[in-house]
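Undergrad: Here it is: the structure, laid out below.
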Amino acid sequence: MYYLAVDIGASSGRHILGEIKDGKLQIEEIYRFSNGAVKRNGHICWELDRLFAEIINGMKKCAEIGKIPQSMGIDCFGVDFVLLDKDDNILGDTVAYRDTRTEAVKDAVNEAYPNFYETTGIAEQLFNSVYQLAALKKEHPEYIDEAKRFLMLTEYFNFRLTGNKVNEYTNSTTTMLLNAETEDFDDNILKAIGVPKEIFSKPEKPGTVVGTLCEEIKKEVGFDCKVILPATHDTGSAVFAVPTNDKCIFLSSGTWSLMGTVLDKPICTKEAKDKGFTNEGGVVGIRFLKNIMGLWIIQSVRHELGDKYSFAELCEMAEKSAYPDIINVNDNVFFSPESMIDAINEHLKQNCAPKPETVGDMLKAVYGGLAKSYGETVSEIEDITGEKFDAVYIIGGGSRDGYLNKLTAEKTGKTVYAGPTEATAIGNLLVQAKAANEISTEEIPGLVSRSFDVKKV
């Protein structure tokens, strides 16, 4: 039985087929496509029609190679959404989370509803959907008036595939609109920002069947299959692929670094709020974690240098450097600067640090800042939860970064394991296999350990 994971990131997307065979999960990337936000009408926007066309192209590849999935699931980054009108057309542009439109409304939203963290358990980040909705209402109030449905990006793609509109739990928690106790969109929050409750439905949990393919999609791709909800929030899928049943700290390392642990219940205390922790829904339990800026800074520097260096080469430059200072990677100046290199230099200058003489010096400051943030975050998790953890599991693409892994072990004082690198797609596939009753939740860490290279740092 084949399962298809469609994993969409901010810069690229992949179609990965998986099957459980001979006691292992075997995966195969069959299609890859580019993604990236574009400037449109003064905002940073996603090209949804192009992305959906790429989803279809990857599905066609399954038919071409004769490997038809019995189900498929789509995961993506959180917070971004569309509003649909009465004819199911998207209202306006699909603005991306790195757009600055929310800066003008955040304070007013927090004043209108001062108890966000106590209600939702979600950290008050500028990019959260609640602020995006408020910014949209300020700029285009007619869109809110005309809206008949709110769908996150994955949910919109599922609708295009099946004709069914379903909100999903893990991604819905990232909106800062979901009540942590009821696991439904909160009436009081929606009233405070002037958005009707009727455009939402109570979110469904991972493993739910959205439907089968529409007739026109079946004809286009050459087969039919179930569309299943994985953890549609990519980090939710990644955490489901952590290869241990033991209590641990996870670090989902990629464009963002998401560091936390899995809890039975959310922690919505003032201490957790003040330290910047968020409580996101998982396939199992609550992902109690902190958003750390992550490899976005490195990726941006690389792009500014014309992509002429591989990530391995950048890593080697940093390791050879003796630069003495570090940056605060969570400074908001690094969120979406015109020039990341200029932002780093200015940040160091303002903190009375010497100017980096080489690219390696600059990267050393970034890597050091990331590792320091990881060490601080581990201490905060242990203080807030009252638990001690022996190990950190680094999953996702960043787990290939040997230098950063070594620094992480030094700064956290924990045993560090790295892998699997394809954790998001693996977690997506495993939810589908679990929904098909091919594997149980308890068996999953062992399957991941047997199937993929997980290294002790």
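All of the numbers you see were taken from the coordinates with simple rules; none came from a lab. Remember, predicted model here, so these are calculated numbers, not experimental data. Glycine gets a Cβ as well: all are built from the backbone with ideal geometry, and neighbour counts include every protein chain shown.
Undergrad: So for segment 53-156, what are the equivalent ellipsoid semi-axes in whole Å, largest first, each being the square root of 5 times an eigenvalue of the Cα gyration tensor?
TA: They are 33, 17, 12 Å, listed largest first.
Undergrad: Then there's this: Which of the listed residues, S300, G66, Y97, is farthest toward the dipole's positive end in the chain, when Lys, Arg count +1 and Asp, Glu count -1 at the beta-carbon?
TA: With unit charges placed on the Cβ atoms, the residue in question is G66.
Undergrad: Does segment 192-285 come out rounded, prolate or oblate by the C-alpha gyration tensor, with a ≥ b ≥ c the root eigenvalues, rounded set by a/c under 1.5 and, if not, prolate when a/b is larger than b/c and oblate if not?
TA: Oblate is the answer for segment 192-285, as a/c is 1.5 or above yet b/c matches or exceeds a/b.
Undergrad: A further question on this structure: Could you list which residues have their amide H under 5 Å from that of L25, counting only those 5 or more apart in sequence or on another chain, with H placed in the peptide plane?
TA: HN-HN under 5 Å from L25: S451.
Undergrad: Using DSSP to call loops (not H, G, I, E or B), can you name the GluC sites (Glu not before Pro) in segment 326-407 whose Cβ has at most 16 other Cβ atoms within 10 angstrom?
TA: E338, E357, E387
Undergrad: What shape does segment 68-117 take by its C-alpha gyration tensor, where a ≥ b ≥ c are the square roots of the eigenvalues and a/c under 1.5 counts as rounded, a/b above b/c as prolate, and the rest as oblate?
TA: Since a/c reaches 1.5 and a/b is larger than b/c, the shape of segment 68-117 is classed as prolate.
Undergrad: While we're looking at this one, here's another question. Tell me, what ³J(HN,Hα) does each residue in segment 25-40 have, in order and in whole Hz, if you take phi through Karplus 6.51 cos²θ - 1.76 cosθ + 1.60 with θ = phi - 60° and put x for Gly and Pro?
TA: Working through the residues one at a time gives 8, 9, 10, 8, 6, 10, 7, 9, 9, 8, 9, x, 6, 10, 7, 8 Hz.
Undergrad: Still on this model: Run the simple label-point estimate for A312 and I90 please: 7 Å along Cα→C-beta, distance reported in nm.
TA: A separation of 3.7 nm, rounded to one decimal place.
Undergrad: Let me ask something else. I need the phi-derived Karplus couplings for segment 444-457: 6.51 cos²θ - 1.76 cosθ + 1.60, θ = phi - 60°, integer Hz, Gly and Pro marked x.
TA: 5, x, x, 4, 5, 4, 6, 8, 9, 7, 10, 9, 7, 6
Undergrad: Next up: Using only DSSP helix segments of four residues or longer, with each worth -39500 (n - 2.57), what per-residue ellipticity at 222 nm results for the chain after dividing by its residue count and rounding to 500? Walk me through the numbers before you get to the answer.
TA: On the way: 18 runs with 176 residues, N = 457.
After summing the helix terms and dividing by the residues of the chain, the value is -11000 deg cm²/dmol.
Undergrad: Within 10 Å of each residue's Cβ, count the other Cβ atoms and sort S12, S321 from fewest upward.
TA: Fewest-to-most ranking of S12, S321: S12, S321.
Undergrad: Count the DSSP beta bridges whose two residues both fall in the chain, then state the antiparallel fraction as a percent rounded to the nearest 5. Walk me through the intermediate numbers first.
TA: Numbers: 47 of 65 bridges.
Restricted to the chain, the bridges split so that about 70 percent are antiparallel.
Undergrad: Still on this structure: Based on the Cβ-Cβ distance of M1 and E111, what FRET efficiency does E = 1/(1 + (r/R0)^6) give at R0 = 41 Å, to the nearest 0.05?
TA: 0.20
Undergrad: Same structure, new question: Using the Cα gyration tensor of the chain, with a ≥ b ≥ c the square roots of its eigenvalues, what is the shape: rounded (a/c below 1.5), prolate (a/b larger than b/c) or oblate (neither)?
TA: Numbers: a/c = 1.41, a/b = 1.15, b/c = 1.23.
The shape class here is rounded.
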